[in-house]
There are 4 protein chains.
Amino acid sequence: MEAHNGLSARIVEGAGFQGIWASGLAISAAMGVRDNNEASWTQVLDVLEFMSDATSIPILLDGDTGYGNFNNARRLVKKLEQRQIAGVCIEDKLFPKTNSFINGEAQPLADIDEFCGKIKAMKDTQQDEDFTVVARVEALIAGWGLDEALERAEAYRQAGADAILIHSKKVNIAEIEDFMKAWNGRHPVIVVPTKYYTTPAQRFHELGISTVIWANHNLRASIEAMQRITQKIFCEKSLIDVESRVATIDEVFLLQQADELQTAEEKYLPCSGKLTGDRP
Amino acid sequence: MEAHNGLSARIVEGAGFQGIWASGLAISAAMGVRDNNEASWTQVLDVLEFMSDATSIPILLDGDTGYGNFNNARRLVKKLEQRQIAGVCIEDKLFPKTNSFINGEAQPLADIDEFCGKIKAMKDTQQDEDFTVVARVEALIAGWGLDEALERAEAYRQAGADAILIHSKKVNIAEIEDFMKAWNGRHPVIVVPTKYYTTPAQRFHELGISTVIWANHNLRASIEAMQRITQKIFCEKSLIDVESRVATIDEVFLLQQADELQTAEEKYLPCSGKLTGDRP
Amino acid sequence: MEAHNGLSARIVEGAGFQGIWASGLAISAAMGVRDNNEASWTQVLDVLEFMSDATSIPILLDGDTGYGNFNNARRLVKKLEQRQIAGVCIEDKLFPKTNSFINGEAQPLADIDEFCGKIKAMKDTQQDEDFTVVARVEALIAGWGLDEALERAEAYRQAGADAILIHSKKVNIAEIEDFMKAWNGRHPVIVVPTKYYTTPAQRFHELGISTVIWANHNLRASIEAMQRITQKIFCEKSLIDVESRVATIDEVFLLQQADELQTAEEKYLPCSGKLTGDRP
Amino acid sequence: MEAHNGLSARIVEGAGFQGIWASGLAISAAMGVRDNNEASWTQVLDVLEFMSDATSIPILLDGDTGYGNFNNARRLVKKLEQRQIAGVCIEDKLFPKTNSFINGEAQPLADIDEFCGKIKAMKDTQQDEDFTVVARVEALIAGWGLDEALERAEAYRQAGADAILIHSKKVNIAEIEDFMKAWNGRHPVIVVPTKYYTTPAQRFHELGISTVIWANHNLRASIEAMQRITQKIFCEKSLIDVESRVATIDEVFLLQQADELQTAEEKYLPCSGKLTGDRP
């Protein structure tokens, strides 16, 4: 399930999910910039560090193209491992990236050999054997067709990718079905049903898909809610009818784990409530 | 109206508000940390820069204690001006700060002379004459009473503060009313009705209050919405019933101003759609 | 004259230079990384902000390729202007960049039209009319010859570049002489005599060159000195013979402008030496 | 031996030293700011991350007061461990700190119990058992005398500090000798002979001191060298007499480990020298 900051990450863990999708679209949108590498990769890393600190379940980063060539990508792996991020998904597009859903026409893709070299470099760099590199195949979404998608998926698998993310922007799952049949269970496959959201979850299971990513719904839920409440306060100039529609202040403190700090203050401060710099 | 990142800031401007409150509580909560200076002041500054880039209306920073002494506070002013932030509100507590709503007992306050020196240093530092320094009086909330609040407000006014923020955590407005009567219009006053939210807006106007801050309601709206949607997706393992309850993907692109980039690509890229490093 | 952090920038200003070259090679080397976009562009920006804060003379950033396409480059311009950086030099190579002096063979260059689009986007973005965009022609250094260099310089001039930086890695100035003769004073030209360092300064003047950049000599001076002193202390396990060979501690305080803070403390602290949080 | 960025850290390791002192004075001076918490603690952390990436020997951070109270200090420990920093030294002064060498008069010190609580919180937070917390006793330097110094050192030892750093600004070692005699080998002791630099190293050994920190000599060596070379270039407007006095460009590349990247390019790029986005 998508998260885009420490808060949403904690909410995802709190709901019971087993993993977090650190969406590039959601993180950039939350910052107020576009999903075209307008935020630098270290600014994204700073967000990830807060997300990692706030949670204990695995986080998979939506890592665009790896933010450059193989050298940038292997540096990224090192930085992600330092921050206890469980893995990264890189896509076979060019830097700076464009969002997959904006342009309709056929988009250029990365050279297959160059992308495989990037995967190898990343796998050779990781120190924790559980770190995961997912290769996202953009061939379908970029208009290159099924054969290209299969060729790329197989090449990335052989280069060492731990899973294939096959992306589609069709409103039905036909493309994905064709891919899964031809792929025939060679290696784990991940899907992102943002566009084919009407597909029942059971269908993914039948097709042998390992993992489904709900890719941007926390962001979109927050946008809807903030637009609604902001508009309401602007019109009514009052909170009377707002208080019951938003989380309580106590819920905010709960999510911030304010209680842990109060316990720690009792343990580590000379006497409760006494603050740094306070003198007798 | 509160905002805590570039996205919420843009939503606030979009609704028609004339100013943005960059809430310390909301920014820290969004990061997944506590409102006790766990995020460094430069990490807060990075958030503010995204908020400033995303909007054109004034942003007032909830600047805690100024993040240290007068020297830290005047450095903050310089950094805020660089990022086109319109002003900062500092509070007369000690560093590292505690959130005003958590502890019930009387809390220590900053030395009046030291706080006045901080205000003077900040006013002497600003280069844009419109930059605003607001002094937040915590005397009522910290349990020191009305006289202390009035003495401090007057001292801060004389030290050069552009406005006084008088804070109260009572559920009714009695404390604020007493303050406003005794204050008698000496200088602009700002209030934050998070606890006394049932007070009709008209009452603030009657009392001569200049500005009302709706201090954390975008954050709280987003928490409620994200918890609800995350729980729903976790239970249903499906998006079928989710799509209509969240903002559309196109709304996300609209908030990111994706259209401006498409126009710019037509203007600055050699031929439309052609990307850097594109291969035949 | 090159600087790579706030300290070296202040030293450059102190010596009387009229401008600072924020060298990509020197900044990355000081960080301990390679000059191949291993540090993100915002990490470079953080260094620049310290350099700008520490000085009052113009700083020209060695901005690699602009850190991506036209959109990244125009975002860079906005961020540089916020930090009072006077200008940026971009080079017609591909991202991620390689250092011009490492590989001997012919290197790929940016597409001319794409690079001109980038220059136009940058010039259209700047708000301060004095902001300067310098186009660095890598044709000579990449092995493409004089005609290519002239064609590119002219195209970049027409696209709006404020000056041309013509780069050469020959140990003599012959290439530069040929360029300057053919160029015939069309537009200001900048050179970087790192390799042809034996050329007398008078020769640059005769050729009509506007500006000479001493591109990395503070970095290299500091490396020589630190290696020498570190080795000496390691061998002698003593400072007796070291003290006279390094700057004094007072010189460090002078460069940090510690005196200004002492004056300010007298002005803004209640009584000298009294610190934040101190209570009666 | 002191280092203040990735470059100087690598030089220290290259010389054979077994550990690096990440000096607060040197790091702030290199940034061009004062040693009074003008740089935020996360800006210092960013420098440390580059230093850690560039080296393989232990780094001990000069961590001022821990940048706030026990909560800030324990957060610091977590962040340092993520970046493979071996330990941190905290001093018993107040935030924001002043440099120990600037003011002559008696300075306020942290409350002993509060400081012990901070040490305990840090020790309880570390996950790597080798992480080291050093308690720096400022009593001598702040004018409180030997008894206060001993009382504090003992309290900090009992609170869990792994070593005591006893600081003195006398030009002879008398104070330190008195401390060491009274201390009588209870726990490891570290000294910083910046002011009593004429003391032979043998004397430290005889007194039972565990570790000597050469605290700022790389910074001071670089200042002397940069001032000299910058002045020389400014006067001579030529590099002819400079080249032999600074490190070579090849030395810079060597320190950046450029060779490793060339090897990696051969391994991970499709064909040697071919770059991402290369065109025919």
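The values are calculated or read from the model by the stated rules, or taken from the named source; none is laboratory data. Everything quoted here is computed from the prediction, not taken from an experiment. A quick note on method: Cβ atoms are made from the backbone with ideal geometry, for glycine too, and the neighbour counts reach across all protein chains shown. Accessible surface is based on the protein model in full, side chains and every heavy atom, while ligands, DNA and RNA are left aside. Shrake-Rupley method; radii C 1.70, N 1.55, O 1.52, S 1.80 Å.
Mind checking whether some residue in the range A:18-30 is touching a strand residue (DSSP E or B) at 6+ places or on another chain (Cβ under 6 Å), closer than 30 Å to residue B:236 by Cβ and among the aromatic types (Phe, Trp, Tyr)?
Yes: one or more hits.
Which ones in the range C:131-144 are in a loop (DSSP other than H, G, I, E, B), under 17 Å from residue C:65 (Cβ atoms) and touching a His at 6+ places or on another chain (Cβ under 8 Å)?
If the condition is that a residue be in a loop (DSSP other than H, G, I, E, B), under 17 Å from residue C:65 (Cβ atoms) and touching a His at 6+ places or on another chain (Cβ under 8 Å), then C:138, C:141 are the ones that fit.
Those residues that are within 7 Å of chain C (Cβ to nearest Cβ) and either open to solvent by 60 Å² or more (accessible area, probe 1.4 Å) or closer than 13 Å to residue C:16 by Cα (or both), I need them from the range D:230-244; list them, please.
D:230, D:231, D:233, D:234, D:237, D:240
I'd like the full set of residues that are more than 15 Å from residue D:248 (Cα to Cα) and without any contact (Cβ under 8 Å) to a residue 12 or more places away in the chain, limited to the range C:189-215.
C:200, C:201, C:202, C:205, C:206
Checking the structure you have, find out if any residue of the range C:124-135 is open to solvent by less than 30 Å² (accessible area, probe 1.4 Å), within 14 Å of chain B (Cβ to nearest Cβ) and over 30 Å from residue D:240 (Cα atoms).
No, every residue in the range C:124-135 fails to be open to solvent by less than 30 Å² (accessible area, probe 1.4 Å), within 14 Å of chain B (Cβ to nearest Cβ) and over 30 Å from residue D:240 (Cα atoms).
Has the range C:96-103 got any residue that is within 18 Å of residue C:167 (Cβ to Cβ), outside the structural domain of residue C:247 (by TED's automatic domain parsing) and touching a strand residue (DSSP E or B) at 6+ places or on another chain (Cβ under 9 Å)?
yes
What are the pairs, 6+ residues apart or on separate chains, where a residue within the range C:236-257 that is touching a residue at least 40 places away in the same chain (Cβ under 8 Å) has its Cβ under 9 Å from a residue that is open to solvent by less than 90 Å² (accessible area, probe 1.4 Å) and of a type in the set (Lys, Arg)?
Sorted first by the residue in the range C:236-257, then by its partner, the pairs are C:255/C:10.
Among the residues of the range D:171-217, write down those that are among the charged types (D, E, K, R) and farther than 26 Å from residue D:3 by Cβ.
Selection gives D:175, D:177, D:178, D:181, D:186, D:206.
Can you pull out the residues in the range C:39-56 that are in contact (Cβ under 8 Å) with a residue 40 or more places away in the chain and more than 13 Å from the chain's Cα centre (by Cα)?
Selection gives C:50, C:53, C:54, C:55, C:56.
Does the range C:217-225 contain at least one residue that is within 30 Å of residue C:157 (Cα to Cα) and of a type outside the set (S, T, N, Q)?
So far as the range C:217-225 goes, yes, one or more of its residues are within 30 Å of residue C:157 (Cα to Cα) and of a type outside the set (S, T, N, Q).
Out of the helices (runs of 4 or more DSSP H) lying entirely within the range C:145-261, which hold 1 or more residues that are hydroxyl-bearing (Ser, Thr, Tyr)?
Of the helices (runs of 4 or more DSSP H) lying wholly inside the range C:145-261, those with at least 1 residues that are hydroxyl-bearing (Ser, Thr, Tyr) span C:146-159, C:217-236.
Is it the case that some residue within the range B:102-122 is assigned to a helix (DSSP H, G or I), open to solvent by 40 Å² or more (accessible area, probe 1.4 Å), within 14 Å of chain C (Cβ to nearest Cβ) and of a type outside the set (A, V, I, L, M, F, W, C)?
Scanning the range B:102-122 turns up at least one residue that is assigned to a helix (DSSP H, G or I), open to solvent by 40 Å² or more (accessible area, probe 1.4 Å), within 14 Å of chain C (Cβ to nearest Cβ) and of a type outside the set (A, V, I, L, M, F, W, C).
Residue A:52: of a type outside the set (A, V, I, L, M, F, W, C), open to solvent by less than 10 Å² (accessible area, probe 1.4 Å) and assigned by TED's automatic domain parsing to the domain that holds residue A:160, yes or no?
Answer is no for this residue.
Out of all the residues in the range C:136-176, which are open to solvent by 60 Å² or more (accessible area, probe 1.4 Å) and without any contact (Cβ under 8 Å) to a residue 24 or more places away in the chain?
Matches in the range C:136-176: C:147 only.
Among the listed residues D:6, D:16, which satisfies the condition of being within 7 Å of another protein chain (Cβ to nearest Cβ), within 14 Å of the chain's Cα centre (by Cα) and of a type in the set (Gly, Ala, Ser)?
Testing whether each residue is within 7 Å of another protein chain (Cβ to nearest Cβ), within 14 Å of the chain's Cα centre (by Cα) and of a type in the set (Gly, Ala, Ser) leaves just D:6.
Identify the residue in the range C:177-202 that is within 21 Å of residue D:232 (Cα to Cα) and open to solvent by 70 Å² or more (accessible area, probe 1.4 Å) and, among all such residues, is farthest from the other protein chains (Cβ to nearest Cβ).
Top of the filtered list is C:202.
Go through the range A:63-95 and count every residue that is open to solvent by 10 Å² or more (accessible area, probe 1.4 Å) and in contact (Cβ under 8 Å) with a residue 60 or more places away in the chain.
1
Check the range D:186-197 and report whether any residue there is more than 22 Å from the chain's Cα centre (by Cα) and either over 30 Å from residue A:267 (Cα atoms) or among the hydroxyl-bearing types (Ser, Thr, Tyr) (or both).
No, the range D:186-197 contains no residue that is more than 22 Å from the chain's Cα centre (by Cα) and either over 30 Å from residue A:267 (Cα atoms) or among the hydroxyl-bearing types (Ser, Thr, Tyr) (or both).
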